[in-house]
């Protein structure tokens, strides 16, 4: 199986994702440049964090038009696994691969710290090695992480079990004080209808080795690898 990590002008977490895949997962991985539609035969795509195109206009709004994202849309439509992290989550919503939008943090300040996430579903290629209800510690680093969608869309996400993670207390309680950015219903990550696209604001790439303070993020990558092995890819 082979991973691809997208690189946009301004990306700053592409090497973090690449390192997890190459050095920890020991899987083949290639950087995929923004101006090419060639995904080089990858089996999974990571849309990393960073400031794609400087986040001018609106976060992710310019990146959605890049040639590589047109290829990613086709890839996702065919069932390929796509993980969007932080700025990658923003790009996926702007591209229409995930519903909703990411707005300015409620406090109007950049937030960078460790947070706790409650796993809301284990039924996805990204969470199959997790247990519903367990709590992970994964860091965030963003200015526009305030997830919003219309009430009917939120109801649909709930009904279809497509909320992957919520901000929580260390004990797993969904509380306002555990919400670092004002995100609707404490949402930290969601899935698409096909369950093959995940967008999340916290950084599993920055929490995949114990020396970083937590290795909980590694289990998301491990879940993807397990899912692809199960599919024979």
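Observations, loosely collected:
- Separation of alpha-carbon centers, the range 161-175 and the range 201-223, rounded to whole Å: 17 Å
- Relative contact order, percent, the range 110-170 [alpha-carbon distance under 8 Å, six or more residues apart]: 48 percent
- Protection proxy ranking, highest mean first, for peptides 4-13, 80-89: 80-89, 4-13, where packing is the per-residue count of other beta-carbon atoms within 10 Å, averaged.
- Global geometry of the range 6-89, whether rounded, prolate or oblate, following the gyration tensor of its Cα atoms and the 1.5 cut on a/c: oblate
- With an a/c value of 1.5 or above and a/b not larger than b/c for the gyration tensor axes a ≥ b ≥ c computed over the alpha-carbon atoms, the range 166-233 is described as oblate.
- The packing ranking, built from the mean of other Cβ atoms within 10 Å per residue, places the peptides 56-69, 128-141, 92-105 in the order 92-105, 56-69, 128-141, highest first.
- Potential lengthening between residue 135 and residue 159 on full extension [0.36 nm per residue; Cα-Cα distance subtracted]: 6.5 nm
- Whole-Å distance, taken between Cα centres, linking the range 1-55 and the range 102-141: 21 Å
- Taking a ≥ b ≥ c as the square roots of the eigenvalues of the Cα gyration tensor, the range 49-95 is classed as prolate, since a/c reaches at least 1.5 and a/b is larger than b/c.
- Ranked by the mean number of other Cβ atoms within 10 Å of their residues, highest first, the peptides 71-79, 202-210, 32-40 come out as 202-210, 71-79, 32-40.
No value in this document is a laboratory result; all are computed from the given coordinates. These numbers come from a predicted model, not from an experiment. Ideal geometry is used to build each Cβ from the backbone, glycine not excepted, and the neighbour counts take in all protein chains shown.
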